[in-house]
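Please read the structure below before turning to the comments.
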Amino acid sequence: MTSTTSVVSAPIEVLRPPVAPRRSAFTLLFGDLASAGITVATGGLLVLAAPKMLEWAIFDAVFVTDDPRACQGAGACWAFVADKLRFILFGVYPPEEQWRPLAVIGLIIAGVLMTLSPALWGRRLVLGWGLIIGAMLALMWGGFLRLAFVPTSSWGGLPVTLLLAVLSLGLGFPFAVLLALGRRSAKPVARVLSVFTIEIVRGLPLVGLLFVASILLPLLLPADWTIDKLGRTVAALTVFSAAYLAEVIRGGLQGVPAGQDEAARALGIPYWKTVWHIVLPQAIQKVIPPLTNTAIVMVKNTSLVMIVGVFDMLNAGRSAATDPAWPAPYAETYLFVAAAYFLICYGISRYSLWLERRVRERDYR
């Protein structure tokens, strides 16, 4: 006769990601003598500056007027921003066709919302962005289906800023992966070419690279070849972003344990499948913050393209502020443009924090 013994297993404790101890607001602001002094000094500056800022921005401001002279001697002239809003957002794009760049902004927002869901990452996302970029360029150019043709010299404002950021990051990322892998390659030719490309581009200021693409590149092309100014600007930004993204990705690749690659080779998995399905996803997860930082820097770097004559949002705002009918509303213009850049960059940073938290929680399940 055999007796059975029931074994009751203890419940397994689920690991949770470490949570930093919470500190009260009083401890953060007045925890020691140094922090207390900084808090008091900052509070004093705010108390001194806040009344004048509120008086200029709200109480004495002009929000609506048909007469620019009403802004003389008053506070902020927000009526100027309202009057020039279409010009700041769309530049010199034909007014009767400005529904097209507005649709482009909507397509970019739709693409970003589609990208937010990790469930869509993969071939479907790449195909979706390819269709969105094709539709955006077709809308901006026109020349078909009774849409008037608009040359790139007439593009401007927010759509150009968003297009430059999306195209430079989207096109630069695959090149960045190849450069990062090439720099870590055991093959000397691939390694030397990757190191040379990365160091040359990182050693040049973006302004210099833009001038090279705008002035020198046409001289290097055959006589019957031509690339418009916007295309050359996209090329310069793409090369610049690829070099910086490559170093970020290389840092992530170095953080992946060597055993991952060795185990894949032992199982007979091809090299590119190992990189694409095993190594690269882990590397990208490790460098989400610096990738986000590079993306934000590239969005802000699009404001430099006005140096080579591309009419982005900052250039459109600066041109609008030179209208002699209005009493020099430069502060209001630049504050509005800065707010637009801030919203874009802040949205990217918040999404990065959400993605980091999601990856961390998944790792501890």
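Assessment of the stretch 303-314 against the conditions (part of a loop (DSSP other than H, G, I, E, B), of a type in the set (V, I, T) and out of contact with any Cys (no Cβ under 8 Å at 6 or more places or on another chain)) yields at least one matching residue. Regarding the stretch 56-69, can at least one residue be identified that is open to solvent by 80 Å² or more (accessible area, probe 1.4 Å), among the aliphatic types (A, V, I, L, M) and in a loop (DSSP other than H, G, I, E, B)? Yes, that holds for at least one residue. Residue by residue through the stretch 308-327, note down the ones that are free of Cβ contacts under 8 Å to residues at least 12 places away in the same chain and either touching a Ser or Thr at 6+ places or on another chain (Cβ under 8 Å) or open to solvent by less than 40 Å² (accessible area, probe 1.4 Å) (or both). The answer is none; no residue qualifies.
Every condition in (1) modelled with pLDDT of 85 or more; (2) closer than 23 Å to A339 by Cα holds for E96 except the one numbered (2). Taking (1) open to solvent by 50 Å² or more (accessible area, probe 1.4 Å); (2) modelled with pLDDT under 90 in turn, L280 satisfies each apart from (1). Somewhere in the stretch 18-27, is a residue at pLDDT below 90, outside any loop (DSSP other than H, G, I, E, B), more than 21 Å from T333 (Cα to Cα) and open to solvent by less than 90 Å² (accessible area, probe 1.4 Å)? Yes. For the stretch 146-165, a tally of residues being of a type in the set (A, V, I, L, M, F, W, C) and surrounded by 20 or more Cβ atoms within 10 Å (Cβ to Cβ) returns 7.
Evaluate the stretch 76-86: report whether one residue or more is closer than 30 Å to I227 by Cβ, open to solvent by 20 Å² or more (accessible area, probe 1.4 Å) and either part of a loop (DSSP other than H, G, I, E, B) or not hydroxyl-bearing (S, T, Y) (or both). Taking every residue of the stretch 76-86 in turn, at least one turns out to be closer than 30 Å to I227 by Cβ, open to solvent by 20 Å² or more (accessible area, probe 1.4 Å) and either part of a loop (DSSP other than H, G, I, E, B) or not hydroxyl-bearing (S, T, Y) (or both).
For the stretch 186-212, the set of residues classified as in contact (Cβ under 8 Å) with a residue 60 or more places away in the chain and open to solvent by less than 60 Å² (accessible area, probe 1.4 Å) consists of L206, V207, L210, listed by residue number.
Here T226, T238 are screened, and the one residue that is among the hydroxyl-bearing types (S, T, Y), open to solvent by 70 Å² or more (accessible area, probe 1.4 Å) and at negative phi is T226.
If I ask for residues that are touching a Gly at 6+ places or on another chain (Cβ under 8 Å) and free of Cβ contacts under 8 Å to residues at least 60 places away in the same chain, which ones from the stretch 328-365 would you list? Passing the criteria: only Y334. For the stretch 177-223, the set of residues classified as touching a Phe, Trp or Tyr at 6+ places or on another chain (Cβ under 8 Å) and among the hydrophobic types (A, V, I, L, M, F, W, C) consists of V201, L206, L209, listed by residue number. I278 meets each of the listed conditions (1) closer than 17 Å to R183 by Cα; (2) free of Cβ contacts under 8 Å to residues at least 40 places away in the same chain; (3) of a type in the set (A, V, I, L, M, F, W, C) apart from (1).
S352 fulfils the conditions (1) under 21 Å from M298 (Cα atoms); (2) out of contact with any Ser or Thr (no Cβ under 8 Å at 6 or more places or on another chain); (3) modelled with pLDDT under 90 except for a single criterion, (2). How many residues are farther than 12 Å from V308 by Cα and either within 27 Å of the chain's Cα centre (by Cα) or acidic (D, E) (or both) if we restrict to the stretch 185-215? The total comes to 12. The set of residues from the stretch 136-145 being modelled with pLDDT of 90 or more and either β-branched (V, I, T) or open to solvent by 40 Å² or more (accessible area, probe 1.4 Å) (or both) comprises L137, W141. Right, V299: in contact with a helix residue (DSSP H, G or I) (Cβ under 9 Å, 6 or more places away or on another chain) and closer than 25 Å to L162 by Cα or not? Here the answer is yes, as V299 does meet what is asked.
The values are calculated or read from the model by the stated rules, or taken from the named source; none is laboratory data. Model, not experiment: these values are computed from the prediction. Using ideal geometry, Cβ is built from the backbone for each residue, glycine included, and neighbour counts are taken over all protein chains shown. SASA here: full protein model, heavy atoms, side chains in, ligands and nucleic acids out. Shrake-Rupley method; radii C 1.70, N 1.55, O 1.52, S 1.80 Å.
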